[in-house]
Every structure is written in structure tokens, then in C-alpha cells.
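Contents: one structure, followed by commentary.
We did not get these values from a lab; they are worked out from the coordinates using the rules stated. Nothing here was measured: the structure is a model prediction, and the numbers come from that model. Cβ: placed from backbone, ideal geometry, glycine included. Neighbour counts: every protein chain shown.
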Amino acid sequence: MKPRLAVIGLICFLFSCAEVANIQEVIEGKIDAAEDTINEESGTSIPSPNVSSPSPPPVNILLDTEDVFPVTGTTYYVATNGTDSNPGTEVSPWATLQHAAGQVSQGDLVLVQNGTYAGFDIRKKYGAKTQPIVFKAKGKEVFVHPIKNGNRKDNINVENSDYIVIDGFIVNQYDPEKKGNGIRVAVAKGIIIINNRVGPCGRHCIFTAYAPGVKIRNNKAFEAQVRHGISVSNSDTPDDKPIIRKNEVYGNYLSGIQINGDCNAGGDGMISGALIEGNIVRDNYSKGISLISVEDTKAQNNLIYGNRMRDGAAGIHLADEVGCGKPSRRNLVVNNTIVEPRMAGIRMTDGAVDNIIFNNVVYTGKPNTPPIADEVGQNDINTNLTFISMMENYFIDPVAHNYRLITNSQGIDSGKVIYQSFAAPATDIEGTARPQGRGMDPGAYESTP
Ligand SMILES: [Ca+2]
Ligand SMILES: [Ca+2]
């Protein structure tokens, strides 16, 4: 019996087989519609069960102070001197990430020793919100290359799996056809991608589809050869709530960060409730942050500069997918610093409506282009510091990309703590409490007196 049929058999046991058929159809339909389609039959081998002798686990898995999980399962090890017939202990580690991906269950921790590994494709493995399955680089030099076997060309693929953590890997090299992504997540909830260095990449560096509750934090995502640095796409739930926080995103072929409801892929066609904060998004070849069919989302404390190396619409662009009729709406764009010599800093098009734009610092260097361009005229733009020339009169050292406001800038303390019942962020991009001095500063940085 093929492993997949075995799984279906198990589900048949738990539910009715009619329901199972329906689930399969829905999942496969979704995947076909996702931006980069996949083959459900991955060729992933599921190894035979292994009797492990677990080593004493650490008390907690500490991703950093924001995400701490207890180790409730088994701690396994992967090392370049291991073999997959080992029990996966520290002294007798496994050799491949793919083997580990076939063995893990809820609450398990996989620690990967320094070295270079083929990537992995994890399917139908389910952690829980407080007991995720964690893949963690133990050292600082754990390199993950594209998946060696199977149909996926990504370096890491997480699919039909929930509550998986990918922590601390150097995800580099890509397939020659550039079809694979650095890290790909599809039809999965509660996935955390943290502390990885992802790039250069073939297609996207970090790509997600139908992935509610995904958290993408403290990664570098750079030099995607075909698409975006970070792409969050496709939805079939009103409860999307992706978090994209404190990443550095640069040198990507299209946009730095894109969120797209992708109505053409089915589902509800909107991404709702995203939080995009504290990112540095620079020197991408198209837009900085592209928000297509996105609603009730907050973009704050981002530093965005030097994008549109080739083409692009804005540092932050609020739009709609052509033909979808799902314009970006009710988003809050607050306390960002945006420096775009070649295009608008913030631009609203394609029916974008009811977006609130305040406390931003926005420089645009393109002639005849306003720093904040509302081409729809139904958005609320208030209390921003905007200018089109003489950057040195505003920023401490724009040549060195120091975009803090100069100390005697009239912008200092000119922002609002609350506007239209929406609060400005309580800290700045570096964690400094706001406001300092006589009031809130606009932009990503709060000056300390
Ligand atoms: Ca949605
Ligand atoms: Ca202030």
C-alpha cells in the first residue's frame, strides 16, 4: 500500500470515506490553483518506524524571547557523520533532514549540527500550537540545499502540515531551472519561519499559499531570481493573520514583500489581518511592499528604500489583482520611513479604499510623482512628513542609509499617538518606546532627546 493510501485509510477510519474524498479533492484543487503548482505525489519516501532512544530534552525550545515552546516530545539529531539507520540521538544521529521529516510527531525537536544537507519535504505532519514540531539549526553554519529526491525543487517544503517551525538555517543554492523556492509553505497553518538566511533563491525566497497564521520573522530573504523575497498568497479563510516581522529583504527580482489574496486561485481572494512590521526592505527590483487584495492589515515601523531597481509602483503599493474586484481596503500604514528615488513612496490604485496613512516619513525622488499618491481619492492621509528633494535637510546621513530625522527637523514630535481610533505603534523599529520628547515622531525611528 502506498503511504498516501495508508493515510487515507486511517482518515477513512476516523471519518466517513465520502468526506475523505472531498477533503482530497479540495486540497488538490487548491494546490493546483496555487501560484506555483505542485505535484501531490512527491516521491517522498516515508522510512520505516525507528525505535529511538531519546536523549534528555532541553527544558524549552527558545527561538528567542517572543517564541518559547516546551519540548514535550523527543529530541532528535541530524549530523553529517550520521546514518539514517541510527536512532537519531546526539551520539548516534541521523544523516538526512528528509529522514527526520518522516519520523517526527507533535512536540518533537530536530537539532541539526553544522554542515551542508539536502533539503526536505515534510507532508502530513502535525504539531500543535503550543507543541509544534521544530527543525532547528544547532550551530550557525547549517546549509540547506535544494531537495535531492522527489518532485519539489525547493530547499524546504512544508505542505499539508500544521505547526511546524523552521529555525536558523542557511538556505542557499537553487535548482538550475529556478522553479524551486527557498522555503515553501502550502496548505498549512501556524507555521513559523524564523532566523533563517534565505538566498539567493530560484523562484521566491519564502513563499506561502493557504497558510493562515504563518509567522515569518527575523529572516533575511534576498536575491530571488524570478519572483519576490517574501510572498504570502492564496486564502480560503477570513482568519489569515500572517505576521511578517523584522526581516531584511533585498535584491529580489520582483518585490521585496508581496501579499496577494489571489482571487484567481479560488478561496476568498483576500488576505486579512496581516501585520507587517519592523522590516528593512531595500534595493528590490520592483516594489518594496506590494499589497494586492489585502484588508484590515497593519504596516508599521518598516524602513523601505531604494526599490524599483527596474520597474515598480511604490515603496508600499495598495492595489487589486486585475479582474478580482477585491481592492485593498481598511489597511493602516503608520510610522514607516520610505525613501524611493525612482517611484512614489506610497501609492493607492485599483479601487484601494478606506486605507489610513499617518505618521509616515516619505521621500520620493521621481519628478512629478507625489510622495503619497492616492489615485483613488478615497483614502485618509493625515500627518505625514513628505518631501521631494534635499534629503540631507531631513535625514542624518542618507548616503549611508541613516534615515533618522535630524535633531532639529521640524518633523520631530509632529506625529499623532492616535488617529481615527487607530494607535501608532508603542515602540519604534529598534524597540525604543514612543513617544519621546514632546510627542510622537513620524517614521520608523523615534528620536531620544
Ligand atoms: Ca482570506
Ligand atoms: Ca518624539
Under 5 Å from the placed amide H of ALA128, counting only residues 5+ away or on other chains, we find GLY107, ILE133
Taking Cα atoms only, helix 17-33 is inclined relative to the longest principal axis of the chain by an angle, in degrees rounded to 10, of 50
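Please work out how much length the chain gains when fully extended from ILE418 to SER105, using 0.36 nm per residue of separation minus the C-alpha to C-alpha distance, in nm with one decimal. Provide the component values of the computation, followed by the final result.
Numbers: separation 313, 0.36 × 313 = 112.68 nm, distance 4.52 nm.
Full extension of this stretch gives 108.2 nm more.
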Rounded to the nearest 10, the angle in degrees between the Cα long axis of helix 3-14 and the longest principal axis of the Cα atoms of the chain comes to 90
Cross-link reach from LYS153 to aspartates and glutamates, straight Cα distance under 19 Å and at least 8 residues apart if same chain, gives GLU28, ASP32, GLU35, ASP36, GLU40, GLU41, ASP121, ASP175, GLU177, GLU223
Helix-only [θ] at 222 nm, the chain, -39500 (n - 2.57) per DSSP H run of 4+, per residue, nearest 500, equals -2500 deg cm²/dmol
Among trypsin sites (Lys or Arg not before Pro) in segment 303-336, those in a DSSP loop whose Cβ has at most 12 other Cβ atoms within 10 Å are ARG310
Of the listed pairs LYS178/LYS298; LYS241/LYS287; LYS138/LYS189; LYS129/LYS220; LYS287/LYS326, those with alpha carbons more than 27 Å apart are LYS178/LYS298
With label points set 7 Å from each Cα along the Cα-to-Cβ direction at GLU375 and ALA400, the distance between them in nm comes to 3.8
Sorted by chain and number, the residues with a modelled amide H under 5 Å from that of ASP121, at a separation of 5 or more or across chains, are ASN157
Using alpha carbon centers only, segment 180-208 is separated from segment 390-408 by a whole-angstrom value of 34
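Could you grab the relative contact order for the chain? Cα pairs under 8 Å, six or more apart, rounded to a whole percent.
Numbers: 1407 pairs, mean separation 30.9, N = 449.
For the chain, the relative contact order is 7 percent.
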In order over segment 166-176: 3J(HN,Hα) from phi, Karplus 6.51/-1.76/1.60, θ = phi - 60°, whole Hz, x for each Gly or Pro, gives 10, 10, x, 8, 9, 9, 9, 6, 8, 5, x
By the C-alpha gyration tensor axes a ≥ b ≥ c (rounded if a/c is under 1.5, else prolate when a/b exceeds b/c, else oblate), the shape of the chain is prolate
Using alpha carbon centers only, segment 83-123 is separated from segment 330-385 by a whole-angstrom value of 47
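Within segment 357-440, which trypsin sites (Lys or Arg not before Pro) sit in a loop by DSSP and count at most 14 neighbouring Cβ atoms inside 10 Å?
On the way: sites: ARG404, LYS416, ARG438; in loops: LYS416, ARG438.
Passing sites in segment 357-440 are ARG438.
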